[in-house]
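Input: a single structure, listed below in structure tokens.
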Amino acid sequence: MNILKASKGAQILTAEYIIPFKMRAFCDLTARKEKGEQVDSKNIKKHKNDVLKIAQLLAPSQEVFVTDVIKQHMRDFIEAIKDEEINMKSLGLTGITLVDTLEVFINVYGLTLEPKAE
């Protein structure tokens, strides 16, 4: 498991580990805004869009192991955005839908989603 790579003399997280961090940042900022804290909505949107763009670097057959706590944060992110109308084309993402991208997260990270109560 290699979570870091060298880039111009600095160690940076690889895409598969940046994604959970950005998901968590999205959820944290969203929760803070809902509590009435001063949070710039642009930052929330940027984290969400970054996650969707970086997801394109994942191989659908890839397996990434993360802790159960991180898996929960990822599920929270998916639940928060799964019903949004996101124009993937405006993000420069053609030929893929939001549903496709969320399914990649579920498969790559081994996530299970709670069934919705009817």
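You can think of it this way: the chain between residue 65 and residue 82 has 3.9 nm of extra reach, that is 0.36 nm per residue less the Cα-Cα gap. In this structure, residue 100 and residue 10 have a Cβ-Cβ separation that, at R0 = 30 Å, corresponds to a calculated FRET efficiency of about 0.40. If only the Cβ of Lys and Arg carry +1 and only the Cβ of Asp and Glu carry -1, the dipole of region 7-100 around its Cα centre is close to 360 debye. With N as its number of residues, the chain has a Cα radius of gyration that, divided by 2.2 N^0.38 Å, comes to 1.09. Hey, with R₀ at 30 Å, roughly what FRET efficiency would residue 32 and residue 54 work out to, going by the Cβ-Cβ distance, to 0.05? After rounding to 0.05, the efficiency reads 0.85. Take every pair of alpha-carbon atoms less than 8 Å apart whose residues are at least six positions apart; their mean separation over the length of the chain yields a relative contact order of 26 percent.
All of the numbers you see were taken from the coordinates with simple rules; none came from a lab. Predicted model, so just to flag it, every value in this text is computed and none were measured. Neighbour counts run over all protein chains shown; Cβ positions are idealised from the backbone, glycine included.
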